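Just dropping this structure here.
Please treat every number below as a calculation from the coordinates, not as lab data. Small disclaimer: the values here were computed from a predicted structure and weren't measured.
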């Protein structure tokens, strides 16, 4: 009798936990949704910008605090001044800019 090799994956339900974590991250960073859309658009156009957006997404996912404006994103790696302005414009267009307190 030969024994089957055991799969050493993440255990039962790892797909669900990854999806839950992604959803939690989306809530934490409203900017994440915008950059994800830009990345998907760049992928459909086969643009090399998809790599730039992927790096920005990784930086944003690693940051533990919520960011609500493009200016706040400038503290992160892989967020240049142009991308921060693009985020500001998109947030203003969709009325996602938080009110000043």
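How big is the equivalent ellipsoid of region 30-93 along its three axes, where each semi-axis is √(5λ) from the Cα gyration tensor, reported in whole Å from largest to smallest?
18, 13, 10
When the chain is fully extended, how far beyond the present Cα-Cα distance does residue 63 get from residue 37, taking 0.36 nm per residue of separation?
7.4 nm
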